[in-house]
Amino acid sequence: MNFPILSSLILLPSIGALFLFFTRSKSENKITVKYVALFTSLVNFFLSIYLWFLFDPTTSAFQFVEDRVWIEGLINYKVGIDGISILFIILTTFITPLCIISVNNSITKRLNEFLIAILVMETFMIGVFCSLDLVVFYLFFEAGLIPMFLIIGIWGGARRVYSAFKFFLFTLLGSVLMLVAIISIYWITGTTDVVQLYELGIDTKYQNLLWLAFFSSFAVKTPMWPVHTWLPDAHVEAPTAGSVLLAAILLKMAGYGFIRFSLGLFPSASEVFTPLIYTLSVIAIIFTSLIALMQEDMKKLIAYSSVAHMGFVTLGIFTNQQQGIEGSIIQMISHGLVSAALFLCVGVVYDRMHSRLIATYGGIITIIPKYAILFMVFTLAALGLPGTSGFVGEFLILMAAFKDNFLVAVLASLGVIIGAAYMLWLYKRVIFGKLINSELKKMIDLNKSEAFTLTCLAIPTLYFGFYPEPLINIIEVSISDLIDTYNFSVASKQ
Amino acid sequence: MEISIIALPLIASIISGFFGKFIGDRTSEIVTSLLVSISAILSAIVFYDVIFNQYEANIKIATWINSGSLEVNWSMKIDALSSVMLVVVTFVSALVHIYSIGYMSHDPHKPRFMAYLSLFTFAMLMLVTADNFIQLFFGWEGVGLCSYFLIGFWFKKETANAAAIKAFVVNRVGDFGFALGIFLIFYLFGTVNYTEVFNQIPNVADEKLNFLGIRINAIDLICILLFIGAMGKSAQIFLHTWLPDAMEGPTPVSALIHAATMVTAGVFLVVRCSPIYEYSELALNIVTVIGMSTAFFAASVALVQTDIKKIIAYSTCSQLGYMFFAAGVGAYNVAMFHLFTHAFFKALLFLGSGSVIHAFKDEQNINNMGGVWRKLPFTYALMIIGTLALTGFPLLSGFYSKDAIIEFAYLSGTTTGYYAAGIGIFTALLTSIYSWRLMFKTFHGNYNNKEINIEETHESPLVMLIPLIILSTGAIFAGFIFKDLFIGYQGINNFWNESIFFLEPLSTDHPPLWFLVLTPTLVTLSIPLAYYLFVKNKNFPAQIVNFNKPLYDFLFNKWYFDEIYDTLFVKSSKKFGLFLWKFFDIKVIDGFGPDGISGLIKKFSIKANKFQSGYIYQYAFIMLLGFSAFLTFLIVK
């Protein structure tokens, strides 16, 4: 067997975390601790880039597969990637170091443990995107809750406990059903190996219930309307780095799950429930956009806009067309970059003024011009301006949706109008206008590390806006294969 | 060479935008103006090539999106239509760049301003040279973005910020239709490339679709959706509300974006899609009706406005209406001709009004001006030229293009065509009256400004006047020189070539003589009329206003569009958003969801707590109860 690159990717951050666990966190070695964490995550990032080079985009078969017996005859530790998963892995390894860089003096207590939580989180996230066994997937998927729960509950704001429990309650509720479904799959087919399940297929008569069970878990995590209300609360209370991880990566697990499991394992049920997904997605897009329009808290606004953006994702996935699913993946990657950046942007002004309220700000363009420019880039990406990655995803999704259902596409396109309104209005109220609050004059522009992280996010946002080919090439074959299998099994069962 | 036409403005923008601080204000101004001027010269060369050598090209620069069957390239299509647009855009842009050096001389953010102007030029060039609908859309949104930046350039002004957002969002409403149009095109033809789409059009000429419960011809629907986009960008009635507000931006911006180039993108779109529109009678009729309604509506509002820039903005709106109804009656080449001449005289008028505003130290109300024509002789003379050209005074450029529009509307022989011609003539009269009203109130009569002394008003510097002089030459001669090329019979066959498609050749008849002389006569006669009304006998217009107060209010408040939209869309969305948030999310979802459940559990546990009182006799009593219930159950069973 070759070098187990995927297991290394999964385990490396945890090893770093273990290392941190055994170092005593004193005030003088705060910097050292941060460097250890950063170093670990950077090694992981470069490893994933190496993975990208090794990856063969011309096949839809799983690559770098590792298969080890875990519990004899029951569960195998099986990991492997294809075109659908690789981008999410790179997104995770890319966002994590930026997240660690962004951790600054705002985390005053237990820095060591905070970094451990982030690194452990990275392990779980990569695990989710690699696992090829349902049980392994479930473990990683649920384990991801714990560090996030802690990040919100320990390092969060004033109402952190309420938010943490709300987050936990919602997500756990769905997960239990998914566990039941996984056990049933085992009883029905005798395996939890995803590759084998793809080949075997699952009997149509079980699919609907199983689909609903998986859906209940993914819908909460996406989050889809109406189980989205945990997200704004979680974001508002979470520290900046937590919000970034939550928005950029955690939400993508569900989108990934929809493609990998809902479409892959239960095609005929997916066909049945497509109208449900369409309805919920369109409601999410329009309703949460309208809600975002009225927010007074910057973080809440961006959180609600995340729900709307993820509405596009779910819409695209269930169009079951090349453009739709490709658009959804690009939208997820783009949202990962842009929402991360927007939360960092809020973090920047929050660190200086300790207020997330839009009304606190206004007229700061001349005081912090660099910030204003970068914030503008992400604002435009969030409203889907052509030339940013946000446009490519959204446009492909809508194009595919239009092929399938005119009404859905028309309604979803309305969200694009409201999207422009709330983002530009937010920007105007924060950056433009007269400087009224004289406290703002003391603000200092981006420091080096802030400028660095935001620029790192801006570059791919623009690059993939003008040239999304690298992304599309890598996912193309896997998706067209997925669609072929899907159509085949739907057709053969009718 | 062709690619550098597009690339130079982009480079200019990057240099000025990112390095403006290091290279200084003056250098950024010179670099941007120079690069855009080079781009203008190159465009002129291309235009020359197209005229005399029938040059055409379709250059692929790079792949953009390639997903499944969708293939979109960054590309550059050069034909007669795009070469005309190239010349208009780069020339006006170069002149506006130079003018801005003077106009913005007191502004602290010069490099940023120049960078936006150049970026706009780049986006506009991407728009006009696209060979597919998605690149067109890129340019479309790109110019919208630059327009947003430039309207809100004076970011401290609340009104400017509001206007900028309004412009962007109203345009997004148009883009919503436009995007749906693109989706429909892709749905029907599986491609978004112009040539491939246009070739397939005849095949689907009779195809019907069920769109949201309406059974409609596919081509009609495409055309209508695309036209909604065009209405947004070209500020046609219903989606026009952003344009007058956009005057909050610096005046050079109004000249470049909101007169000569960006707002004509909608007309360009319709003309570019002539191979589709030719197959849709319904859509062409809609275009005509919207066009003529806008022409009339905007002219009527312009009659009573007092802000010099808003008058010209409504005038732009109205002239765009002319272009649309020209396209609507199938005279696409005439629409392009008016677009071409309009770029000169409208840019001239805007820059001229900028010169006036500059002289009055940022005063824009024409009631606070007057009597300064001797103080501003060059501006005065140049604006006279602009006004003459706009109103269609014989032998100036507007005369050739506007009269041609009215003639072709008449010759189209349809009912809408006759209506359009009638409204066209009446609007021409209104145009003449409001234009001369503006001129007379600004330059003649008494000096009405109380803030600054008449001695303080001054003529603009040469750097602002030279662009005006160049534009005025265009305003005088462009019509005469290019008449045969654009709308001559020889032109239809040769110059436009494949770029404009006519299902049936345009009529070659001539309208009756009385019809030909009607408009020029009205226009000429209206000059002394306006002079009488606004200089000689000022009480008379005031009396008219007094007698028709409701009508005046109606016009002065721009037919109340803003107020209606505000209650209908803005306020109601805000209210609905608030309801969804405060009531639905918090009360319903959370109330019955997590909060409700945790509340329930809490209540339950409090009850359970009370149970554990610690008194043995209570426990014993409960046990006894339970035991007897159990026994009863067994016995009964």
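Give me the extension gain from B:Ala62 to B:Lys536: residue separation times 0.36 nm, minus the current Cα-Cα distance, reported in nm with one decimal.
Contour length minus the Cα-Cα distance gives 164.3 nm.
About the Cα centre of segment A:62-113, how large is the charge dipole given +1 on each Lys and Arg Cβ and -1 on each Asp and Glu Cβ? Please answer in debye to the nearest 20.
So the dipole magnitude of segment A:62-113 works out to roughly 300 debye.
Could you work out the relative contact order of chain B? I mean the mean sequence separation of Cα pairs under 8 Å and 6+ apart, divided by the number of residues, in percent.
Dividing the mean separation by the residue count of chain B yields 12 percent.
So which trypsin sites (Lys or Arg not before Pro) in segment A:415-494 end up in coil per DSSP with only 15 or fewer other C-beta atoms within 10 Å?
Those satisfying the criteria are A:Lys434.
Hey, what's segment A:5-493 come to in accessible area per residue, 1.4 Å probe, Å²?
Heavy-atom accessible area per residue stands at 32 Å².
Positive end of the dipole of segment B:215-350, charges at C-beta (+1 Lys, Arg; -1 Asp, Glu), about the Cα centre: which of B:Ser300, B:Thr341, B:Tyr277 has its Cα farthest in that direction?
B:Thr341
Tally Lys/Arg at +1 and Asp/Glu at -1 over every other residue whose Cβ is under 12 Å from the Cβ of B:Thr63; what's the total?
-1
Using all C-alpha to C-alpha distances in segment B:316-361, build P(r) with 5 Å bins and read off the rounded percent in each one.
Whole-percent P(r) values from 0 Å outward: 6, 21, 23, 17, 11, 9, 6, 5, 2, 0.
With r defined as the distance between the Cβ atoms of A:His354 and A:Thr279 and R0 fixed at 45 Å, what FRET efficiency is calculated, to the nearest 0.05?
My answer for the efficiency is 0.65.
Alpha carbon centre of segment A:200-229 versus segment A:94-165: separation in Å?
Answer, in whole Å: 24.
For peptide A:228-237, what's the mean number of Cβ atoms from other chains within 10 Å of each residue's Cβ?
Counting other chains' Cβ atoms within 10 Å and averaging over A:228-237 gives 2.
With 5 Å bins from zero, work out the P(r) of segment A:282-348 over every alpha carbon pair and list the percent per bin.
4, 18, 23, 22, 18, 9, 4, 1
Bin width 5 Å, alpha-carbon pairs only: give the P(r) of segment B:519-568 as whole percents, running from 0 to the bin holding the largest distance.
5, 18, 14, 15, 18, 14, 8, 6, 3
Under a Cβ-Cβ cut-off of 15 Å, what is the net charge of the residues other than A:Phe318 that fall near it, where Lys and Arg count +1 and Asp and Glu count -1?
Result for the neighbourhood of A:Phe318: -1.
For segment A:5-493, what % of the accessible area comes from carbon and sulfur atoms, probe 1.4 Å?
Carbon plus sulfur share of accessible area: 68 percent.
Heavy atoms only, probe 1.4 angstrom, no DNA, RNA or ligands counted: give me B:Trp559, B:Trp514 ranked by accessible area, highest first.
Reading off the accessible areas and sorting them downward yields B:Trp514, B:Trp559.
Where Rh is the Kirkwood radius over the Cα pairs of the protein assembly as shown, the temperature 37 °C and the viscosity 0.692 mPa s, what D in µm²/s does Stokes-Einstein return?
103 µm²/s
Using a basic spin-label model with each label point 7 Å from the Cα along Cα→Cβ, how many nm lie between B:Val588 and B:Asp107?
Calculated label separation equals 4.8 nm.
Near B:Asn365, within a Cβ-to-Cβ distance under 15 Å, what is the net charge of the other residues, with Lys and Arg +1 and Asp and Glu -1?
Residues close to B:Asn365 contribute a combined charge of +1.
What whole-number value in Å² describes the accessible area per residue of chain B for a 1.4 Å probe?
Solvent-accessible surface per residue comes out at 39 Å².
Under the definition of partner shielding as Cβ atoms of other protein chains within 10 Å of a residue Cβ, what is the mean value for peptide B:432-444?
0
Just how far, in whole angstrom, is segment A:409-468 from segment B:49-116 if you go by their alpha carbon centroids?
So the two Cα centres are separated by 27 Å.
Does anyone have the angle between helix B:397-411 and the longest principal axis of chain B? Alpha-carbon axes, 0 to 90°, nearest 10?
With rounding to tens, the tilt is 70 degrees.
If A:Lys166, A:Lys109 are ordered by their accessible area, calculated over protein heavy atoms with a 1.4 Å probe, which sequence runs from highest to lowest?
The ranking, largest first, comes out as A:Lys109, A:Lys166.
Is there a simple number for the mean count of other chain Cβ atoms within 10 Å of the Cβ of residues in A:415-423, and what is it?
That works out to 5 on average.
Going through segment B:210-307, which GluC sites (Glu not before Pro) have at most 15 other Cβ atoms within 10 Å and a DSSP loop state?
In loop regions of segment B:210-307 (DSSP not H, G, I, E or B), there are no sparsely surrounded GluC sites (Glu not before Pro).
If you scale each eigenvalue of the Cα gyration tensor by 5 and take the root, what three semi-axes come out for segment B:482-542, rounded to whole angstrom and sorted largest first?
41, 14, 10
Kindly flag which residue pairs out of B:Lys166/B:Lys587; A:Lys403/B:Lys208; B:Lys166/B:Lys309; A:Lys300/B:Lys233; A:Lys442/B:Lys156 have an alpha-carbon separation exceeding 25 Å in this structure.
Violating the 25 Å Cα-Cα cut-off are B:Lys166/B:Lys587; A:Lys300/B:Lys233.
Give A:Lys166/A:Lys370; A:Lys30/A:Lys448; B:Lys157/B:Lys582 a once-over and call out the pairs whose C-alpha atoms are over 25 Å from each other.
A:Lys166/A:Lys370; B:Lys157/B:Lys582
Quickly work out the B:Ile601-to-B:Ile214 label distance, labels modelled 7 Å from Cα along the C-beta direction, and quote it in nm with one decimal.
5.2 nm
Quick one: Kirkwood hydrodynamic radius for segment A:5-493, alpha-carbon pairs, angstrom, one decimal?
For segment A:5-493, inverting the mean 1/r across all distinct Cα pairs yields 22.5 Å.
What's the FRET efficiency of B:Ile3 with A:Trp52 using the Cβ-Cβ distance as r and R₀ = 25 Å, to the nearest 0.05?
0.20
Evaluate the charge dipole of chain B about its Cα centre and quote only its size in Debye, nearest 20, assuming +1 on the Cβ of each Lys and Arg and -1 on the Cβ of each Asp and Glu.
2440 debye
Using the structure shown, list the pairs from B:Lys361/B:Lys450; B:Lys402/B:Lys536; A:Lys221/A:Lys252 with a Cα-Cα distance above 20 Å, or answer none.
In this structure, B:Lys402/B:Lys536 exceed 20 Å between Cα atoms.
Roughly how many Å² of A:Trp70 are accessible to a 1.4 Å probe, to the nearest 10?
130 Å²
May I have the convex hull volume per residue, in Å³, for the Cα set of chain B?
262 Å³
In segment A:263-310, what residues drop by 40 Å² or more of accessible area when the other protein chains are put back, versus the chain on its own? Use 1.4 Å, and skip ligands and nucleic acids.
Residues losing area: A:Phe287, A:Leu290, A:Ile291, A:Met294.
Just to confirm my numbers, what's the Cα centroid distance between segment B:187-203 and segment B:601-637 in Å?
Their Cα centres are 79 Å away from one another.
By what distance, in whole Å, do the Cα atoms of segment A:231-305 stretch along each of the three principal axes, largest value first?
43, 26, 13
The values are calculated or read from the model by the stated rules, or taken from the named source; none is laboratory data. None of these values were measured; they are calculated from a predicted model. Virtual Cβ from ideal backbone geometry, glycine too; neighbours counted across all protein chains shown. All accessible areas refer to the heavy atoms of the entire protein, side chains included, with ligands and DNA or RNA removed. Shrake-Rupley method; radii C 1.70, N 1.55, O 1.52, S 1.80 Å.
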